[in-house]
Structures are given as structure tokens and as C-alpha cells.
Amino acid sequence: MKQSQHKLNLMRQFFDARQMEENVIESSINEFLTESNHHQLEIEKSTENLFIQLLLKQGQVEIEGNEFDIDFSDAVFLHRAVVEDLNSQIKHFGSNKIEAMLESRDFRKGISIFILA
């Protein structure tokens, strides 16, 4: 009877050890799945929020009143801070471009003065 009891205790210890291993592995798998889902959402978000630059011709477009249909059913509201942040970024990029254009102009002036001299 003692031998059977000892074997039973060994089996229970073995079973408990395997249960602990299984719990550790399961929690590890859940952490990896959570992290994977987080990365997948980040990838999807990064594909949707892309910055593009559009070159538009300066001018004014006139639309007749009866041809223009006002429909804001698919409009999206943006928080004011987001719009202000984007505007400041656009101003920053614009000032950088103006600086580059002025440097290019001054450089060309310097070349033409150098050639004429």
C-alpha cells in the first residue's frame, strides 16, 4: 500500500509539474499573440496615415450653384489640435522650401556675377 501511495504521489507531482509548464507556456503564447495583434494594428495604422505632397496649380475654381451638391454624409471631424499640428508642419516644410529656393537664387546670382566679371 505504501508503494502504491508513493507511486501515486510521484504521479501527482509529475502531473502538477506538467500543469505548471503548460500554464507558463500558455501565458507565453497569450503574450506573443497580444504582441502580434498590437504589431498588426500598428502596421495597418501606418498604411492608412501616409503623408503625401500634392502640387496644385494656383488659381480659383468657380462652380455654379446648381451643379454643386452639398453632401457631408461621409465627412470626418478632426480635432482642432490635429489640424493645427498639420498646419504647423506644412508651414515648417514651406519655410524650408523657401529657404532652399532663396539659396539657389543667390547661388545662381553668384555664378552669373562670376561669369560676367
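Any read-out appearing in this document is the output of simple, stated calculations on the displayed coordinates, not a laboratory observation. Here the structure is a predicted model, which means the values were calculated and not measured. Here Cβ is always computed from backbone atoms with ideal geometry, including for glycine, and neighbour counts include all displayed protein chains.
For segment 1-49, report the translational diffusion coefficient in µm²/s to the nearest whole number, using Stokes-Einstein at 37 °C, 0.692 mPa s, and a Kirkwood Rh over Cα pairs.
236 µm²/s
Diagonalise the Cα gyration tensor of segment 76-117 and give the resulting equivalent ellipsoid semi-axes, square root of 5 times each eigenvalue, largest first, whole Å.
In descending order the semi-axes read 40, 6, 4 Å.
Length gain on complete extension for the stretch GLN53 to SER27, per 0.36 nm per residue less the alpha carbon to alpha carbon distance?
Once the chain is fully extended between GLN53 and SER27, it gains 4.8 nm.
How many nm separate the modelled label positions at PHE15 and ARG80, each set 7 Å beyond the Cα in the direction of the Cβ?
It works out to 6.6 nm between the two label points.
Enumerate the calculated ³J(HN,Hα) couplings along segment 91-108 in order (Karplus 6.51 cos²θ - 1.76 cosθ + 1.60, θ = phi - 60°), each rounded to whole Hz, writing x wherever the residue is Gly or Pro.
Result, ordered by residue: 4, 5, 5, x, 5, 4, 5, 5, 4, 5, 5, 5, 4, 5, 4, 5, 5, 5 Hz.
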